[in-house]
Amino acid sequence: MKLGTRPDTFYTEQATRYFIELWSKNVQADLVIKINDTTYLLHKSSLLPKCGLLQRLCSDSSDSENVPLELHDMPGGADAFELCAKFCYGVSINISAHNFVPALCAAKLLQMNESIEKGNFVGKLEAFFSSCILEGWKDSIAALQATDKLPEWSENLGITRKCIDSIIEKILTPPPQVKNPDHKLFSQIDTRQIFLFNKDDYVQVKWSYTYTRPGYTRKQHHSVPKDWWTEDVSDLNIDLFRCIIMAIRSTYVLPPQLIGEALHVYACKWLPGITKLKNSLGSAAITEESKAINRKILETIVSMIPADRGSVSAGFLLRLLSISGPLGVSPVTKTELVKRASIQFEEATVSDLLCPSTSSLDQNLYDTELVQAVLESFLKFWKRLYPGAVDNRHLLKSIRNVGKLIDSYLQVVARDDNMPVSKFVSLAETVPAIGRLEHDDLYQAINIYLKVHPDLSKADKKRLCGILECQRLTPEVRAHAVKNESLPLRTVVQLLYFEQEKDSMETTSSKLQKPHDLLLGAKMRPVTRDSHGKRSLINKEEVIKRTSHAEDREKGQHKAKQSDAKLALDLERKIVIREDTEEIKSEKLRVAKEERMSSSKLDLDSKNSIQRARSKKSEHGRQKGR
């Protein structure tokens, strides 16, 4: 809105502002006003007719020409007062949603009301606010942002509430529905404005909005996205944002997923590290003040998450949880995040679990303790939901999905050079036995860890491979594991044992079919026909011959299996004997070393005693000669 026609001829000289047009006409200033560090030399004839406050102050002062009026509590400061002064002089000014709030607050303080003069500044500003600012989407957002600097004035004058109501009304307005696909919904893309082409074809949306989602091209879409409002609302501070979100939730018009998307957009804009581009929380540049602001934002966002499952993604919850520690959020907020993340843990991906470690005590790349805490909460949740229902199909499916997710996550964290065995094993053991049908993925994770950490001690290797169950490996993986040089020999022997036991069990089961069963089977077979088409029975002697041949073949296979098992047993005995032999050798070497050291010490002591005896004898001889 543009007011006034005079050119702007306010001039500054050494922190003093005056209207140069009247000074050029030799009209001396008779009104001095001080606002903070700025002094204004003005004229009563221009300001007093429109300002009720100045009228009262000047009437109370006996010598108003020499005593300056101090208005240091002017809302909006010197800039807001100058807008009011220029309006009194008739100087051209532009009022927008960005400077409307301080201008209205200053005009209210100066009492520039209709009761002082008709067509005064307050009336024009209020008319502009109702007819222009509140009718536009962007202007309503901008005006609401401006109230952040003058919260008390804005609240008392009703500016904040009117802006919030206008924004909520527009958010709850249904998006345009295209009835005729031949019509083009959008005009100029640069304006980001939706226009009404035909009253019968579209629902009118008169405001512009910002929507910059990756991969979204407005030219390719013929309808307004449901979350069109989230980016603009995210420009507000957390208190104003909370007012809007809670008011929208109370209407139960929008789905919880849309509320969750607004929270996600706001968190990505204001919280460091939430987009996983870099771990900015680890920077030393973050101050305690900014940490307190971020902590308040995070706790407020968590308090606004709808209770409906799926309103926000599991990845978003895990990222909030990952930055909650460095920000020092309250235990209540952290517990709520762990609980919410565990409920949706099955929906997470490996990428969601790769939260960077924020602890300064270790050098790990990923925060495995966070994942383990959520996993333990997930298991407790299912135990409460299905107490004692181990055979519940939905429960088993959910836990096995999580077990597969954890094994895939272990394959990634195993590549971390600084990942200790204790954390790796602890996380792997947290998955219950029913969570893994097979141990193939777990074997892959262990194999990666052994290759990345070739200098592991025997004890660490034993502890690492101790979580692996050989009987839960598929034949292909077992064949690979037997040839894996990274595995300890004891694990390889266990694999060989399992292979032998499995083969022996198969042999035993095949023996259950007796020779007389074969005969009975032969009796039950259908009769055959000879070349002349006559019915003939199978030769009984041929059946017995085949049976004995099968028994001989089974005995030979059984002997071969027994020899293989004996070889595996001998191999393990050799391993144990070799380990014992190595220990005996090391013990002998230690004892021999100690004996050598003691003997050398005795020789040294004897030499020292001989030298002392000789020195005493020579000394005695010299004394006798004297």
Point to revise | Prolate/oblate/rounded call for region 272-508, Cα gyration tensor, a/c under 1.5 rounded | key: oblate
Practice item. Quote the charge dipole size of region 92-155 about the Cα centre in Debye, to the nearest 20; the model charges only the Cβ of Lys and Arg (+1) and of Asp and Glu (-1). Key: 160
**Study point:** Coil-residue chymotrypsin sites (Phe, Trp or Tyr not before Pro) of region 219-272, DSSP, other Cβ within 10 Å capped at 14
**Key:** 252
Point to revise | Order of 74, 1 under a 10 Å beta carbon neighbour criterion, fewest first | key: 1, 74
Practice item. Would you grab the residues whose amide H sits under 5 Å from the one on residue 366? Only those 5+ places off in sequence or on another chain, please, with H modelled 1.01 Å from N. Key: 357
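For an R0 of 22 angstrom, estimate the FRET efficiency from the Cβ-Cβ distance between residue 472 and residue 381 and round to the nearest 0.05.
With R0 = 22 Å, the Cβ-Cβ based efficiency is 0.30.
Compute the length gained on full extension between residue 335 and residue 115: take 0.36 nm times their separation in residues and subtract their Cα-Cα distance, giving the result in nm to one decimal.
73.4 nm
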Practice item. List, in the order given, every pair from 149/170; 34/118; 86/291; 296/397; 170/397; 86/149 whose Cα-Cα distance in the structure shown is over 32 Å. Key: 86/291; 296/397; 170/397
Review point. What order do you get for 38-45, 336-343 when each peptide is scored by the mean count of other beta carbon atoms within 10 Å, highest first?
Key: 336-343, 38-45
Study note, to complete from the structure: The FRET efficiency for residue 15 and residue 287, from their Cβ-Cβ distance with R0 = 30 Å and rounded to 0.05, is 0.40
Review point. Tell me, 485, 346, 169, 299 in order of fewest to most beta-carbon neighbours within 10 Å?
Key: 485, 169, 346, 299
Check your understanding: Tell me, in nm to one decimal, what length is gained between residue 412 and residue 211 on full extension, where the rule is 0.36 nm per residue of separation less the Cα-Cα distance?
Key -> 68.8 nm
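Extension gain residue 401-residue 347, at 0.36 nm per residue separation less the Cα-Cα distance, in nm?
18.5 nm
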Study note, to complete from the structure: Note on region 2-133: alpha-carbon gyration tensor, axes a ≥ b ≥ c; rule is a/c under 1.5 for rounded, else prolate if a/b larger than b/c, else oblate; result prolate
Check your understanding: Taking region 431-503, which trypsin sites (Lys or Arg not before Pro) meet the DSSP loop condition and have no more than 11 other C-beta atoms within 10 Å?
Key -> 483
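Just so you know, all these numbers are worked out from the coordinates, no wet-lab data involved. What you are looking at is a predicted structure, and each value in this text was computed from that prediction instead of being measured. For neighbour counting, all protein chains shown are included, and Cβ atoms are generated from backbone atoms with ideal geometry for every residue, glycine included.
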